[in-house]
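What follows draws every value from the coordinates through simple rules; no lab data is involved. Computed from a prediction, not measured in an experiment: that's the story for all the values here. Cβ: placed from backbone, ideal geometry, glycine included. Neighbour counts: every protein chain shown.
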C-alpha cells in the first residue's frame, strides 16, 4: 500500500495481495485519522460481504471468490473504544456484469484499489445499541 496526503485528503493505492480493511486501518492509525469518509474502486478475487439480519441482530456473510470489480466502496471512519472503526459498504460486479453488495467484512485486492480518504477534524465515537444490535454513531 502507498498513500499521499494533501491537506485533509489522502489518496490511497492498495496493491495486489493486500487486505483492504487492514491497509485502510493502518493508514488511519498512522495518520491519526479519527473521523472521515472513504470512497474507492478496484478489483478483488476474495471478498466477504454481509447483510444485517434485523431479527437476529447478526450479520449474514458470504464469501465470493474469482475476479470481481469493486465498482463502489463507500464508508466512514469513527472510533470505538479508542480504536479506528471503519463502517464500509461495497458494490462488486462479477464476470457476468451482475452487481451485488453489502457490508464489507474483508477483501483481498487482485489488481489494485484506488481510494480517497476525506479527513474531518474531530472525533465521533460509537456505542453499542442493544435494541438494534449495532455500534451506532454517538452524536451526543
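Structural remarks
- Residues satisfying the stated conditions in segment 60-95, i.e. farther than 22 Å from residue 109 by Cβ and touching a strand residue (DSSP E or B) at 6+ places or on another chain (Cβ under 6 Å): 60, 78, 79, 80
- Residue 88 crowded, with 16+ Cβ neighbours inside 10 Å, assigned to a strand (DSSP E or B) and touching a residue at least 60 places away in the same chain (Cβ under 8 Å): yes
- Exclusive hit being at negative phi, out of contact with any helix residue (DSSP H, G or I) (no Cβ under 9 Å at 6 or more places or on another chain), surrounded by fewer than 17 Cβ atoms within 10 Å (Cβ to Cβ) and free of Cβ contacts under 8 Å to residues at least 12 places away in the same chain, set 96, 63, 83: 96
- Test: residue 102 is surrounded by 14 or more Cβ atoms within 10 Å (Cβ to Cβ), in contact with a strand residue (DSSP E or B) (Cβ under 7 Å, 6 or more places away or on another chain) and at positive phi: yes
- Some residue of segment 35-46 being under 21 Å from residue 126 (Cα atoms) and assigned to a loop (DSSP other than H, G, I, E, B): yes
- Considering only residues in segment 1-34 that are without any contact (Cβ under 8 Å) to a residue 12 or more places away in the chain and part of a helix (DSSP H, G or I), the one that is surrounded by the fewest Cβ atoms within 10 Å (Cβ to Cβ) turns out to be 30.
For every residue, the table says whether it meets (1) within 13 Å of the chain's Cα centre (by Cα); (2) in a loop (DSSP other than H, G, I, E, B); (3) farther than 29 Å from residue 31 by Cβ.
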site	(1), (2), (3)
51	no, no, yes
56	no, yes, yes
70	yes, no, no
104	yes, no, no
114	yes, no, no
121	no, yes, no
126	no, no, no
